[in-house]
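The structure appears right after this line, and notes come after that.
The values are calculated or read from the model by the stated rules, or taken from the named source; none is laboratory data. The shown structure was predicted, so the numbers you read here are calculated from the model rather than taken from an experiment. Quick reminder, even Gly has a Cβ in these numbers, built from the backbone with ideal geometry, and neighbours come from all protein chains shown. To get the accessible areas, we keep the full protein, side chains included, count just its heavy atoms, and leave off ligands, DNA and RNA. Shrake-Rupley method; radii C 1.70, N 1.55, O 1.52, S 1.80 Å.
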Amino acid sequence: MRVTQQMMHQNSLRHMQQNLGRFENTSMQASSGKLLHKPSDNPQAVAKAMSLNSVMSANEQYERNIGDANLWLDENDRSIQAMVDVTQRIRELGVQGGSGTLSPEDRELIFKEVGVLNDQLREFANAEVDGRYLFGGGDGTVKPFPDAVSFEAAPPNGTLKTAKIGVGLQLEIGILPQTLVGSGDDPTNIFRAVGKLAENIQAGEAVNLDEIDKAMERLLTSAAENGARQNRVEATESRLLDAKLSLGTALSSIEDVDYAEILIKLKSEESVYQASLSSSAKIMQTNLMDFLR
């Protein structure tokens with residue numbers, strides 16, 4: 001095959017452009033710290049990286065949902081515990097008020113204190129978090145006990161509040177007011193039971209603590225269920241953190257450069273490019289006078 005000067009020029013330019021392209025790509029990898037910049041760099045690796053990024057993005061949303069769920073569950077726990085403490089104090093006053101040695105003035109003082117504590121129970125049952133009623137149903141827009149003397153909770157909007165904290169994992173994090181205090185016609189409804197206890201103390205009648213004890217048991221059951229949900233959320237959060245670490249490691253192995261390796265490669269590509277420039281320069285300088293010497 002006849003080799004012409006033009007063919008040598010064209011081949012030299014093509015090889016020089018190829019070497020420059022590899023040098024530029026390696027330089028970009030070294031400066032950015034990333035191996036992949038466009039799908040054509042490595043289609044299979046890019047597809048895998050996109051899949052990992054998609055999973056990590058979904059997990060980040062689950063982590064945000066878990067943060068909201070933890071806030072709600074923690075507020076549930078605080079409010080219920082406060083109601084338990086108040087109910088315990090009411091029970092102590094009931095024991096004290098059941099004594100036949102109390103004067104009418106003493107009974108009246110106990111009656112008034114029980115009334116104040118009953119108001120506190122309603123305040124805790126109407127607790128708010130982030131502008132929403134804690135025990136107000138799915139959207140938290142309905143005040144559970146708007147009436148200061150009613151035993152029945154207002155019908156909530158929607159069902160229980162839930163949080164999606166994982167793939168296929170929708171966890172209930174809300175508590176309906178009826179579950180917490182009992183239905184309005186239930187003798188063990190906490191507001192009804194406390195009101196009856198206060199009236200008996202004021203009238204000097206026998207005080208029955210069974211209904212208060214059952215109301216307390218309902219609160220403790222709600223607290224236990226809320227605690228179980230907190231444990232489940234905590235376990236899910238721990239798994240997400242482990243998955244985040246594993247996914248990050250896998251993504252790094254695909255995308256991130258090994259700096260020791262890339263710097264060696266960069267130096268090698270630079271040497272190859274410099275060599276191509278040097279050889280091309282010799283070809284480009286050749287002219288008719290060089291052949292006539």
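Surface composition of segment 158-238: carbon and sulfur make up 47 percent of the accessible area, probe 1.4 Å.
Ligands, DNA and RNA left out, the 1.4 Å accessible surface of segment 84-133 is 48% carbon and sulfur atoms.
Net charge of the neighbourhood of Val55, taken over other residues with C-beta under 12 Å away and scored Lys/Arg +1, Asp/Glu -1, is +1. Its Kirkwood hydrodynamic radius, worked out from the mean inverse distance over all distinct Cα pairs, puts segment 112-248 at 16.9 Å.
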